[in-house]
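The values are calculated or read from the model by the stated rules, or taken from the named source; none is laboratory data. Please read all numbers here as calculations on a predicted model, not as lab measurements. Reconstructed Cβ throughout: ideal geometry from the backbone, glycine too, with neighbour counts over all protein chains shown.
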Amino acid sequence: MKRIIVTGSNGQIGVELTPHLRKIYGDKNVLATARRKVPGTVSEGGPFELLEVRDGKTFSELIRSFKADTVIHLAGILSAKGEADPQGSWDINAGGCFTALECTRENGAAFFFPSSIAAFGPSTPADNTPQDTIQRPTTIYGVAKVTGELLCDYYHLKFGLDTRGLRFPGLISYEALPGGGTTDYAVHIYYEAVSKGKYTSYIAPGTQMDMMYMPDALNSVVKLMEADPARLEHRNAYNISAMSFDPGQIAASIKKVIPSFEISYDVDPVRQGIAESWPNSLDCTAAKKEWGFAPVYGLDRMTEDMLKRVKK
Ligand code: SER
């Protein structure tokens with residue numbers, strides 16, 4: 001990667017990945033794009049352009065004029081929000097991905113696709129979920145993620161496009177709050193632990209989901225995109241996860257630092273239903289073997305760092 005375009009730069013990952021890439025590759029070599037310009041490091045720390053990802057003409061022109069060799073396509077609507085507007089979510093998530101792939105092909109760049117644990121469904125083996133397995137998701141977000149994975153395979157096979165992707169678990173960060181996701185509780189809990197000393201979870205106790213601290217996610221994107229292509233057997237997306245926990249376990253981890261912290265429950269049936277349809281824990285062997293995936297943060301280490309950094 002030398003000249004990189006990032007879509008969805010204002011989103012939870014983009015807000016951190018854009019500055020991270022600028023630090024590694026140089027500010028002027030990373031073009032941030034988003035539908036809206038918001039003040040901050042993304043729009044002010046290097047080049048920025050407005051882009052609606054379904055506008056293929058502008059998208060392709062930006063890749064060409066920026067002389068980009070890599071497109072990091074992050075723009076999308078998260079799982080729970082997607083259920084409130086399935087057509088709109090499909091349009092942005094699947095339509096946007098197809099447009100992004102086509103523009104990338106026109107300009108001969110490499111492509112990064114953020115898939116998700118949402119690309120699995122109730123018929124997927126839930127424990128130690130294999131890299132290659134049943135993918136029949138029951139959310140429109142998941143349907144679009146499977147579509148994106150298949151399109152990445154297709155563009156690689158048919159056109160030789162250098163497609164690479166990660167199935168992100170819930171991402172936890174202190175810089176930006178996620179919006180409209182199912183795993184968001186694992187971010188909100190830290191903010192409310194610091195500001196209120198307690199948290200009411202919309203996810204029920206005992207519901208295990210894969211998670212990862214943002215620094216490990218950022219490093220994983222760079223590592224995968226820099227990996228030797230000859231070693232990559234999967235061009236759709238790799239299982240990655242750093243930990244798996246339920247609300248009770250993250251609460252117990254917080255209690256080690258804030259002993260008075262208390263969790264209670266008010267379960268949201270929509271997000272609980274989505275969470276139950278996703279795996280409990282992923283098998284990340286392929287990512288480790290093919291490009292050296294190696295997260296460093298487990299639950300307690302992440303908790304200590306989050307509680308130090310989250311602002312009241
Ligand atoms: N974190 C996402 C969500 O909850 C999953 O990719 O929607």
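Assorted remarks:
- Test: LEU171 is away from the ligand (no atom under 14 Å from the Cβ), touching a Phe, Trp or Tyr at 6+ places or on another chain (Cβ under 9 Å) and touching a residue at least 24 places away in the same chain (Cβ under 8 Å): no
- Residue pairs meeting the criteria (Cβ under 8 Å; at least 6 apart or on separate chains; first within 17 Å of THR207 (Cα to Cα), in the range 107-129; second part of a loop (DSSP other than H, G, I, E, B) and among the acidic types (Asp, Glu)): ASN128/ASP283; THR129/ASP283
- Restricting attention to the range 140-168, the residues that are in a helix (DSSP H, G or I), over 15 Å from the mean Cα position of the chain (by Cα) and either among the basic types (Lys, Arg) or closer than 21 Å to ASP228 by Cα (or both) add up to 8.
- If you filter the range 174-183 down to residues that are surrounded by fewer than 23 Cβ atoms within 10 Å (Cβ to Cβ) and at pLDDT 90 or above, you find that the one that is farthest from the ligand (Cβ to nearest atom) is TYR174.
- Count - residues of the range 32-50 that are surrounded by fewer than 23 Cβ atoms within 10 Å (Cβ to Cβ) and either touching a residue at least 40 places away in the same chain (Cβ under 8 Å) or not polar (S, T, N, Q) (or both): 13
- Highlighted here are the helices (runs of 4 or more DSSP H) found entirely within the range 1-77 that include at least 1 residues which are within 19 Å of GLY179 (Cα to Cα): 14-25, 41-44.
- The condition of being in contact with a helix residue (DSSP H, G or I) (Cβ under 7 Å, 6 or more places away or on another chain) and within 16 Å of the ligand (Cβ to nearest atom) holds for only one of ALA75, ALA84, that being ALA75.
- Residues of the range 225-238 satisfying the condition of being over 16 Å from ARG3 (Cα atoms), out of contact with any Cys (no Cβ under 9 Å at 6 or more places or on another chain) and either part of a helix (DSSP H, G or I) or of a type in the set (Gly, Ala, Ser) (or both): ALA227, PRO229, ALA230, ARG231
- The lone criterion from (1) touching a Cys at 6+ places or on another chain (Cβ under 8 Å); (2) within 16 Å of the ligand (Cβ to nearest atom); (3) part of a strand (DSSP E or B) left unmet by PHE111 is number (2).
- Every residue from the range 187-198 that is in contact with a Phe, Trp or Tyr (Cβ under 8 Å, 6 or more places away or on another chain) and either hydroxyl-bearing (Ser, Thr, Tyr) or buried (at least 23 other Cβ atoms within 10 Å of the Cβ) (or both): ILE189, TYR190, ALA193
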